[in-house]
Amino acid sequence: MTEYFNEMFDGGKVRQPYNGLDGWMREMPSELRAMKQAEAEALFRRIGITFAVYGEGGDPDRLIPFDMFPRVFTQPEWRKLERGIKQRARALNAFLLDVYGRGEIVRAGRIPARLVYQNDAYERAVSGFIPPRGIYSHIVGVDLVRTGPDQFYVLEDNCRTPSGVSYMLENREIMMRMFPQLFRENRIEPVDGYSDALRRTLASVAPTKCEGEPTVAILTPGHFNSAYYEHSFLADLMGVELVEGPDLFCEGGFCWMRTTEGPKKLDVIYRRIDDAFLDPLCFRPDSMLGIPGLMDVYRSGGVSICSAPGAGVADDKAIYTFVPEMVRFYLGEEPLLENVPTWQCAKKDDCKYVLENLSELVVKEVHGSGGYGMLVGPKSTKEQIENFRHKIEDNPENYIAQPTLALSTTPTFVEEGVAPRHVDLRPYCLVGEKVELVPGGLTRVALTEGSLVVNSSQGGGVKDTWVLAE
Amino acid sequence: MILTVNHVTTYDYDAPMGAAVQSLRMFPSRFEGQRVIEWDVSVEGGLRGGSFRDGAGDRVEGWSIRPPVDEVAITVKGQVETFDTSGVLRGHRELVHPMAYLRETVATWIDDSLAALAEEAVAGATEDLNRAHRLSAAISEAIAYKPGATHSHTTAAEALAQGEGVCQDHAHALVAVARCVDLPARYVSGYLFATDDGTPHEAAHAWGEIWVAGIGWIGFDPANKCCPDERYIRLGSGLDAREAAPIRGITQGSGEERLHVTVALDQVQQ
Amino acid sequence: MLSRTAENLFWVARYMERAETMARLLEVGARIALTPSTGHGYRSEWESLLQASGTADGFSEKYGDPVQRNIESYLFFDRDNPSSVVSCIERARENARIVRTAITGQVWDTLNTAFQEIRQIERQPRSEWEITELCEWVARQSALLRGAMDGTMLRNDGFFFMNLGYALERADNTARLIDVKYFVLLPSVEMVGSGLDNYQWQVLLRALQSYRAFHWAYGGELTASKIMHFLILNPASPRSLISATRKAMHHLDNLESFYEVEPGTGLPQMRAKAIMTELNQTQVAEIIDEGLHEFLTRFIGEVGQLTALVQQTYLSGDAR
């Protein structure tokens, strides 16, 4: 039986960060709890935060379940995480700048050339280009899990367009409305500085040709996209336009928005669409979402694109193994956050080990996301394991494996009262003129008892994440 | 050799169209084999956009035309002095790692026949340079030059199966087989000056380049069974014809498009 | 403001107004169906409603003969009919969702609530609803939206574009409603001035919720020319063509001053002004001379052109 670290209870004792919640939890009558839960749901629905799940069809207006029990970090715990995350975000950006330039890390033999240059996410079209301030990934989402009081692991990095930050902000907003006394009694670091920080970050990477205050916009695939709510939410908070491909056009070396007063020059695009759909002239010729000529404008310094096209090569699961190496190579520091040990099925020995130990491991597709195409060995049937064995044997390059981590639990409201459920954490690191991180992040919780899969597409929920002030 | 180029590409439409956007890769590469005396690219009624040199060393320039568009006419005029470098792309500045040219694309997809041809051609050859020459010869052999036998979307595999094609098919097939034996390879577009005794190839031309460790990129033209010399002007490269295309463009609207091209290459008598 | 945002706002208002018109048409039909027929049968009256709403072809393809129940379903609930009340409300809400941040919470609430309620209504058995109740519900949603806009929105371009959408849609819809009465409902010219004629005018006035207003304004006998004056030329009548045109012009002026453009120089304004000038100089007798149907057709065409100019100038983003 695996021992899971419970973030609130150490045996019968309440751990210090949760002191302020113990009484609250015990004194809340169940009717009040039900009422508050319904109130929270109504608020979410009213605001319109919903999340459509890919491939599941059904109600596009479905809500992600919100758990009212906050997840808490102390100031020292957080400071340690913060340093580690910033370090990682800097290293990932240094790596991107390098591999689209001279590729020193490859020349030095620290990362195999094949892994970088033959990677599908390596974008030849941007090689040789130095984006403003040399930054490729402006918003780095680092997925973390905890296995003990001082033990954190990085599960994966998200260098393209990590989503979910609107939940971090809205969860807090709703908790403050429903339980103001909790915020009076506990000193909790605010997260609402995020939108200003994001705006500053984006403005700080305005292109070379931009004079004066840069115009920023968010580029969305459109209102049918499952994350559309988040796009419009962020645009609104930052006070910038939310644009779709057809709202933009390229002319004279600049990118323009179609407005009621005629064309308006756009300087920084925070894009929430994939590289492949940015510019039909450069990438997929059949893309209806893209803006013809955008890459030419980008490369000639007429507009900035955040994150930069090609940033995906840094968050590839095969590259992930080498992030600690990047920290040492570029920053000359020892990594503050640990990677989960990872077996590459592309390597013969690794693959053999993985196939022999499938029932113990978590196996993931190299390019997969959202918890799809994933095997959790200890939680799977013999049949599922055998099915997966065939998939790996057919295409070993496509898989990596990791030990099943003993994810920490935090108290969560369930049908019967309060019970421990497994959680992870995604903080959002902003990289621009400064590298910054708001104190908090998105805590995802696996609501099903015993489940280790926290993805919202697989029955996961979200929690407010607190960092206590000193 | 001093070559003059006069190249006009016209797209016209049977109905007025929306805006047109072009990305042009029509500037001679900078390397020891060629030196630009003068060169001018213009789009009639168009607005010049941004211009830059990409990681592969190609100069790219964006253009756009405001609606309504009836016709897009792109004119290239220039004079280049060329030298024979035996196909070696010496002195060319680029940043892209050769290994980035091992990727397959739709047009250069490797099927069993291409793989078999590649294996047979290099059997027994150990040196990369030798292997590259053998691959080029094998492609010249396997695909006969025949205009009109293929179209712009024909893949390397299809051309090989058919056994005939034009320079685009030769170049696609060459880069496909080279990658098949782990030699980085790319598609190159440019011009070819056909001398009087030469076969009547079109002046707009395409060939392949193979990376040979220790030497660098070397051009091979299976269509003419040679390596590029002073009769060639190199413009740009890519994984396949689409990526290396001198003109990439989109014109909005549903009108029928007609393409008309004239290329004149002349040698300046000295 | 992004042209697309302006376009979405413009259409929120248009769809809501269109939903209301559709409901009013249904009300006209239901009332006529309640009175004894005068010879030509009730079938052709329903038929004419379909024609007026521009949905006759779609309907006959799906259902064949015009039966009241089917017509009600088609005009109110059917998603295959792009002009049905349900379609219009859904589209109004969807357009609002896209530009959620350009409207106030209350405006969004109104539209979202209407959308949620109509889903409720759909789930209940049809027999539980009287069509007139449903029509009143639609009119109420429309009024709530206008109230929320007036009460909470900033007076900026977004507000002006929404109101412009309302005005242009209303001008077009009212003209079509009058046209039904005159051209379609009344089977022959000899019947002008007959009992049936007057009765149908009454129904139309009621449907426009203008019956009492009309009496306050005119008094005495109900005559065709008084009613025409009321619905077309009287600036005191809120749904008259002249009121709708004036409202469109007003919001075009607002846009100009908001964008700090020299007043009266925009193409849409010039066109709106021309339509207005003509209406100001028109007498009912002249309309009768020209033929009411001909007059209305011309008016609808002019409103269409004005809408196209608005599209070109503001909503396409191409104007420089």
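Brief remarks on what is shown
- Residue, modelled with the highest pLDDT, within the stretch C:291-320, restricted to residues that are surrounded by 14 or more Cβ atoms within 10 Å (Cβ to Cβ) and of a type in the set (D, E): C:E302
- Filtering the stretch B:54-91 to residues that are within 14 Å of another protein chain (Cβ to nearest Cβ), in a loop (DSSP other than H, G, I, E, B) and closer than 19 Å to B:M26 by Cα leaves B:D54, B:G55, B:A56, B:G57, B:D58.
- In the stretch C:110-133, the residues that are over 15 Å from C:L75 (Cβ atoms) form Cβ pairs under 6 Å with partners that are among the charged types (D, E, K, R) and part of a helix (DSSP H, G or I), at six or more places apart or across chains, as follows: C:L111/C:R93; C:F115/C:R93.
- Complete set of residues in the stretch A:59-102 that are hydroxyl-bearing (S, T, Y) and touching a Gly at 6+ places or on another chain (Cβ under 7 Å): A:Y100
- Residue within the stretch B:41-51 that is in a loop (DSSP other than H, G, I, E, B) and crowded, with 19+ Cβ neighbours inside 10 Å present: yes
Rundown of residues vs (1) among the aromatic types (F, W, Y); (2) more than 22 Å from A:V116 (Cβ to Cβ); (3) in a strand (DSSP E or B), yes/no style:
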residue	(1), (2), (3)
A:P309	no, no, no
A:P324	no, no, no
A:V327	no, no, no
A:P335	no, no, no
A:V362	no, yes, yes
A:L375	no, yes, yes
A:P378	no, yes, no
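- Restricting B:E104, B:E141, B:E120 to those that are closer than 23 Å to B:P228 by Cβ and either in a helix (DSSP H, G or I) or of a type outside the set (A, V, I, L, M) (or both) reduces the list to B:E141.
Results for (1) in contact with a Gly (Cβ under 9 Å, 6 or more places away or on another chain); (2) facing chain B (nearest Cβ under 9 Å), shown as yes or no for each residue.
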position: A:Y270; (1), (2): no, no
position: A:D275; (1), (2): yes, no
position: A:C282; (1), (2): yes, yes
position: A:M288; (1), (2): yes, no
position: A:V297; (1), (2): yes, yes
position: A:G302; (1), (2): yes, yes
position: A:S307; (1), (2): no, no
position: A:A311; (1), (2): no, no
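- Matching residues, the stretch B:210-255, being part of a loop (DSSP other than H, G, I, E, B), within 12 Å of chain A (Cβ to nearest Cβ) and within 13 Å of B:R25 (Cα to Cα): B:A245
- Long-range neighbours under 6 Å by Cβ, at least six apart or interchain, first residue within 23 Å of A:D279 (Cβ to Cβ) within the stretch A:99-124, second of a type in the set (K, R) and crowded, with 19+ Cβ neighbours inside 10 Å: none
- Inspection of the stretch C:254-268 identifies no residue that is under 17 Å from C:E169 (Cβ atoms), away from every other protein chain (no Cβ under 14 Å), surrounded by 15 or more Cβ atoms within 10 Å (Cβ to Cβ) and of a type outside the set (D, E, K, R).
- As a summary of the residue check, C:E90 satisfies the conditions (1) within 14 Å of chain A (Cβ to nearest Cβ); (2) closer than 17 Å to C:M149 by Cβ except for the one numbered (2).
- From A:I64, A:I85, residue being part of a loop (DSSP other than H, G, I, E, B), at pLDDT 80 or above and within 19 Å of the chain's Cα centre (by Cα): A:I64
- Residue match in the stretch A:229-246 (condition: within 11 Å of another protein chain (Cβ to nearest Cβ), over 27 Å from the mean Cα position of the chain (by Cα), without any contact (Cβ under 8 Å) to a residue 40 or more places away in the chain and outside any strand (DSSP E or B)): yes
- Test: residue in the stretch C:132-150 that is under 22 Å from C:V28 (Cα atoms) and not in a helix (DSSP H, G or I): no
Residues are listed down the side, and each one gets a yes or a no for (1) within 30 Å of C:G158 (Cα to Cα); (2) not assigned by TED's automatic domain parsing to the domain that holds A:F95:
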| residue | (1), (2) |
| --- | --- |
| A:R258 | yes, yes |
| A:G262 | yes, yes |
| A:C282 | no, yes |
| A:S307 | no, no |
| A:A314 | no, no |
| A:K317 | no, no |
| A:T321 | no, no |
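- Residues that are within 11 Å of chain C (Cβ to nearest Cβ) and either touching a Ser or Thr at 6+ places or on another chain (Cβ under 9 Å) or under 20 Å from A:D196 (Cα atoms) (or both), drawn from the stretch A:247-260: A:D247, A:F249, A:E251, A:M257, A:R258, A:T259, A:T260
- Extreme residue, nearest to A:S127 (Cα to Cα), among residues of the stretch B:81-98 that are buried (at least 21 other Cβ atoms within 10 Å of the Cβ) and of a type in the set (A, V, I, L, M): B:V96
- Of all residues in the stretch B:171-192, exactly one satisfies the criterion of being of a type in the set (A, V, I, L, M, F, W, C) and in contact with a His (Cβ under 8 Å, 6 or more places away or on another chain), namely B:L192.
- If you go through the stretch A:277-318 and keep only what is at pLDDT 90 or above and charged (D, E, K, R), you end up with A:D279, A:D296, A:R299, A:D315.
The values are calculated or read from the model by the stated rules, or taken from the named source; none is laboratory data. No experiment lies behind these values; they were computed from the predicted model shown. Cβ sites come from the backbone with ideal geometry, for glycine too, and all protein chains shown count toward neighbours.
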